[in-house]
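**Student:** Structure in structure tokens, see below.
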């Protein structure tokens, strides 16, 4: 009976014996509240970025990229190294180089085990 209890106790602590630097398949969870898909924002006001990233391991890097639909280079490229399990971001992005058109927000999170997840949202910028 004691050996059964020891096996159950040790098997529930498998993270202790794992190499914590290897990918384990548990990707970070990215939830983008804003911008919302296919919504239009005014060029003069910019657009809001509100998102939450959660991971059971530490979030080692977060990359936020905004690309135009015509294949031009990234207009916005933000890289953060938060080293936390939960990250909330609420900001406004305003770029003088935005013109009316369709844009893609791409958010990529990498955790301490090198698991990577990317989420994208397409939105529009307009003059008025």
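The numbers here are math on the coordinates, done by the rules we state, and not lab data. Since the model is a prediction, treat every value here as computed from it, not as a measurement. Heads up, the Cβs are rebuilt from the backbone with ideal geometry, glycines too, and the neighbour counts pull from every protein chain shown.
**Student:** Can you tell me the order of 69-80, 39-50, 106-117 when each peptide is scored by its average per-residue count of other Cβ atoms within 10 angstrom, highest first? Working shown, then result.
**Tutor:** Values: 69-80: 11.6, 39-50: 15.4, 106-117: 18.5.
So the order, starting with the most tightly packed, is 106-117, 39-50, 69-80.
**Student:** Let me ask something else about it. Over the Cα atoms of the stretch 9-128, how large are the radius of gyration and the largest Cα-Cα distance (Dmax), in Å?
**Tutor:** Computed over the Cα atoms of the stretch 9-128, radius of gyration and Dmax are 17.2, 63 Å.
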